[in-house]
Amino acid sequence: MPQFIPAGTGLFTMGLLLTAVHILIGLLWSAVLIGFARILQGWLRKHARRLLDRITGTVIGAFGIRLALSN
């Protein structure tokens, strides 16, 4: 049995409890990420989008140059 289930406890019950804790932590983490994204929404739309567009353009340009110079 997994090392995080204490000896002498019901496997199904403890497994169900650990699963519930895992789901709860995942939901809380997702809520925190959504909250920060809403707070930073304006900055993300302007600056982050521009940065990602520049990075994408650079990568596509580099692939094009590499393709043009290959045999």
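One table, with the values for the structure above:
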| item | result |
| --- | --- |
| Rounded tilt (10° steps) of 11-39 against the dominant C-alpha axis of the chain | 30 |
| 222 nm mean residue ellipticity, helices alone, for the chain (DSSP H n ≥ 4; -39,500 (n - 2.57); rounded to 500) | -25000 deg cm²/dmol |
| Surface per residue (accessible, 1.4 Å probe) for the chain, Å² | 93 |
| Degrees, to the nearest 10: 49-69 long Cα axis against longest axis of the chain | 60 |
| Cα gyration tensor of the chain - equivalent ellipsoid semi-axes, whole Å, descending | 47, 23, 6 |
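The values are calculated or read from the model by the stated rules, or taken from the named source; none is laboratory data. Quick caveat: nothing in here was measured; it's all calculated off a predicted structure. In case anyone asks, the SASA skips ligands and DNA or RNA and just uses the protein heavy atoms, side chains included. Shrake-Rupley method; radii C 1.70, N 1.55, O 1.52, S 1.80 Å.
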